Amino acid sequence: MSEIICIANQKGGVGKTTTAVNLSASLAGNNKKVLLVDIDPQSNATTSLGFSRSDYEFNIYHTLIGSKKISEVILKTSIKNLDLAPSNIGLVGIEKEYYNAGKKDRELILKEKIKDIAGEYDYIIIDSPPALGPITINALSASDSVIIPIQCEFFALEGLAQLLNTVSLLKKTINPTLKIRGFLPTMFSTQNNLSKQVLSDLTHHFKDQLFRIKKNKECIVVPRNVRIAESPSFGQPVTEYASGSKGSIAYENLAKAIIVGA
Ligand SMILES: Nc1ncnc2c1ncn2[C@@H]1O[C@H](COP(=O)(O)OP(=O)(O)OP(=O)(O)O)[C@@H](O)[C@H]1O
Ligand SMILES: [Mg+2]
């Protein structure tokens, strides 16, 4: 079966999409069959892989409302081994439907839909929106684990307690096996003392939950890197756009840590 990993943090702009896209591409580069599910109405992951609205007729919204199977919305990307279930701004409509009274098991819709194709992929990576609403709850309910990107900036840990509470509530209810796969420090800047402070706080609080390629090795930190910021506008993961760059190496290391289960 596939390992399903959700990238989540309700704080906006912390590197969720960047992590989802580049981790997916790096796993694919390691000969793993990967499906990236874009479940954010902003559709940034879809755009980052070079797709524009006119390139696809159906998206994950159609799957969630039941008019298309997930296999019918999946697109092949230009990267070998990497498929995409795209999103579209229309996905905002799902929240309204979700709140329609009487919808049974509404937290489990995505989980049900993913079951159809789960055996076809080694990894399914889900990029979630910056909110703890129904879409993110569906994403977390469908996942084996969650990666939480933390931006190395002021207010980094703000709202984290709420996210961790949500995860533990889901564990107690509909997804008992949900794990925190790890915290990923993002946009780390060596010249910035605040960045260093946040990283030191993270290391202090979550020492055993940071990613490492090998035990007792340094933890994986994604640097603030211009190549990472540029790559979406070229419709490419940084691993393709600027392989060998510091940003690319960080995500390649993250993929290795995931594969070895560190
Ligand atoms: N390591 C990095 N170095 C430089 N820029 C980065 C880095 N990581 C992300 N960015 C840039 O920061 C912005 C926010 O990143 P991203 O879209 O991945 O965050 P997000 O958490 O998905 O945002 P949202 O909450 O809106 O979905 C983007 O413009 C992205 O290109
Ligand atoms: Mg995003």
Would you kindly compute the Cα radius of gyration of region 1-135 and its largest Cα-Cα separation (Dmax), both in Å?
-> 13.9, 44
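For the chain, what does -39500 (n - 2.57) per DSSP helix run (n ≥ 4), summed and divided by total residues, give at 222 nm, in deg cm²/dmol to the nearest 500?
About -10500 deg cm²/dmol.
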What order do you get for 76-87, 11-22 when each peptide is scored by the mean count of other beta carbon atoms within 10 Å, highest first?
-> 11-22, 76-87
Region 196-262: trypsin sites (Lys or Arg not before Pro) falling in loop per DSSP and having at most 15 other Cβ within 10 Å = Lys214, Lys215, Lys217
Tell me which aspartates and glutamates have Cα within less than 17 Å of Lys214's Cα, excluding those fewer than 8 residues away on the same chain?
-> Glu252
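Using only alpha carbon pairs under 8 Å that are at least six residues apart, calculate the relative contact order of region 3-184 and give it in whole percent.
Numbers: 337 pairs, mean separation 61.5, N = 182.
Relative contact order, region 3-184: 34 percent.
Read-outs: derived from the displayed coordinates by stated rules, not from any lab. All values derive from a computational prediction rather than experimental measurement. Backbone-built Cβ (ideal geometry, glycine too); neighbour counts: all protein chains shown.
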